[in-house]
Amino acid sequence: MENPLLPSEVIEASAAFPGQVAACTDLDALLRLKGAFVGREGSHAARLMELLKTAPKEQKRDLGAAINALKNQWEEALKSRQGELEEARKRRTSLASAWDPDLPPPLPAHGALHPLNRLMNRLVEVFRPLGYHVEEGPEVETEGNNFDGLNIPEDHPARSSSDTFYFAQHPELLLRCHTSPVQVRGLKRLAPQIEAKGGIRFLAPGRVYRKDEVDPTHSPMFHQVEGLLVGRGIGMHHLKGTLAYAMKALFGEGADVRFRPSYFPFVEPGCEVDVRCPLCGGGGCRVCKGSGWVELLGAGLVHPNVLAYAGIDPSVWSGFAFGMGVERIAMMVSQTPDLRLFFENDQRFLNEMGGLY
Ligand code: PHE
């Protein structure tokens, strides 16, 4: 504002003004600067107004315009800096008020059971009131328990090395391909007490291995829950009633079961068991592929050879057995289309599974 009518000290002060404004780091300093430039009394602006009053008439117009321009320039700069400082103060106070020193510190994230383990626990709880306890067996099994004891003959394709994981140094050992070898172990272990206890019943949850390529519905490692009951005069009707009860406990009162004949060497007769789709109630949906039913189990009456192998007299005792795929149930209930999600340990997925069963 190089107007010759303006006093030189005002021109100098005005030149230094933008730097001073920028140097104000709090609102109080800015207010002091504001007072000095545009305040009512004693400010540069006030002195300029005095000057205007006493100026000769012919200069008033030019001088007045110059003074106004200066004042506008100053006020503009003050206003914009004031906005910045107020914004900064707001940010500071909201941060400060978000921190409450009386609150307990945030807790570290808790660990939790994997959804597949939770589902297996749930299945155990469903069968516990029926008198089933949990039997355990190793994942590294003998050929005897995994095959021979289950009436699976030497030439059965499941025994080929292209179907089952064997150990090069220990040809009699393998990774169990189902939880059924726990039938053999449990029957052998409990055979001496069978008379005293009036029978045998247990559940065997665990991990199993197959030579499958990984894809959305296959994995070389997955989980099964085996169930076995032995008593006097046990028939298909007992199996049917037990599974109908369990599926209702698991999926709700609307759940129903359907039996289709099938073949497993260790049961006779053998069947596959479908559950009425718990998601659509049987009307047909994506999960049951429109059929209204989902295949969940293999089952049947324990083959007499299996009982005899374990030292139990099949002319006195009979029983039923079933085996279900845990991932399959989990995928159905959660409508998860890809099995691999359960093994990838993405916590967002695992947490999502949290409340499902
Ligand atoms: N072991 C069988 C499987 O892995 C399932 C099954 C268990 C079938 C018990 C009948 C009885 O497919």
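The values are calculated or read from the model by the stated rules, or taken from the named source; none is laboratory data. This one's a predicted model, so the numbers in the text were calculated from it and none came from an experiment. Cβ placement follows ideal geometry from the backbone for every residue including glycine, while neighbour counts extend to all protein chains displayed. These accessible areas exclude ligands, DNA and RNA; they are computed on the full protein's heavy atoms, side chains included. Shrake-Rupley method; radii C 1.70, N 1.55, O 1.52, S 1.80 Å.
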Seminar exercise, completed: Going through region 292-307 in order, the residues found to be within 11 Å of the ligand (Cβ to nearest atom) and more than 27 Å from the chain's Cα centre (by Cα) are G298, A299, G300, L301, V302, H303, V306
Seminar exercise, completed: Screening R185, R232, R201 for residues that are away from the ligand (no atom under 16 Å from the Cβ), open to solvent by 60 Å² or more (accessible area, probe 1.4 Å) and either of a type in the set (S, T, Y) or closer than 27 Å to S318 by Cα (or both) leaves only R232
For this session: Could you list all residues from region 279-324 that are more than 30 Å from G355 (Cβ to Cβ), among the β-branched types (V, I, T) and in a loop (DSSP other than H, G, I, E, B)?
Result: I312, V316
Exercise. Name the residues in region 163-182 that are away from the ligand (no atom under 14 Å from the Cβ) and either under 30 Å from the mean Cα position of the chain (by Cα) or not in a strand (DSSP E or B) (or both), would you?
Worked result: F165, A168, Q169
Exercise. Out of all the residues in region 235-249, which are open to solvent by 30 Å² or more (accessible area, probe 1.4 Å) and either of a type in the set (V, I, T) or in contact (Cβ under 8 Å) with a residue 24 or more places away in the chain (or both)?
Worked result: M236, H238, Y245, A249
For this session: For region 202-224, enumerate the residues that are in contact with a Leu (Cβ under 8 Å, 6 or more places away or on another chain), part of a loop (DSSP other than H, G, I, E, B) and over 14 Å from V326 (Cβ atoms).
Result: P216
Exercise. Restricting the search to region 325-357, which residues are within 21 Å of R286 (Cβ to Cβ) and outside any helix (DSSP H, G or I)?
Worked result: G325, Q335, T336, P337, D338, L356, Y357
Exercise. If you check L70, L116, L130, L107, which single one turns out to be surrounded by 12 or more Cβ atoms within 10 Å (Cβ to Cβ), aliphatic (A, V, I, L, M) and over 30 Å from K188 (Cβ atoms)?
Worked result: L70
Seminar exercise, completed: Checking A244, A249 in turn, the sole residue that is assigned to a helix (DSSP H, G or I) and in contact with a helix residue (DSSP H, G or I) (Cβ under 6 Å, 6 or more places away or on another chain) turns out to be A249
Problem set entry | Given (1) touching a helix residue (DSSP H, G or I) at 6+ places or on another chain (Cβ under 6 Å); (2) at pLDDT 95 or above, number of the condition K79 does not satisfy | (1)
Seminar exercise, completed: Considering region 188-198, residues that are surrounded by fewer than 17 Cβ atoms within 10 Å (Cβ to Cβ) and in contact (Cβ under 8 Å) with a residue 24 or more places away in the chain, and then whichever is farthest from S315 (Cα to Cα), we arrive at R189
Seminar exercise, completed: Here the residues within region 204-219 that are open to solvent by less than 40 Å² (accessible area, probe 1.4 Å) and either out of contact with any strand residue (DSSP E or B) (no Cβ under 6 Å at 6 or more places or on another chain) or among the hydrophobic types (A, V, I, L, M, F, W, C) (or both) are A204, G206, V208, S219
Exercise. Taking region 171-182, which residues are surrounded by 11 or more Cβ atoms within 10 Å (Cβ to Cβ) and not polar (S, T, N, Q)?
Worked result: L173, L174, L175, R176, C177, H178, P181, V182
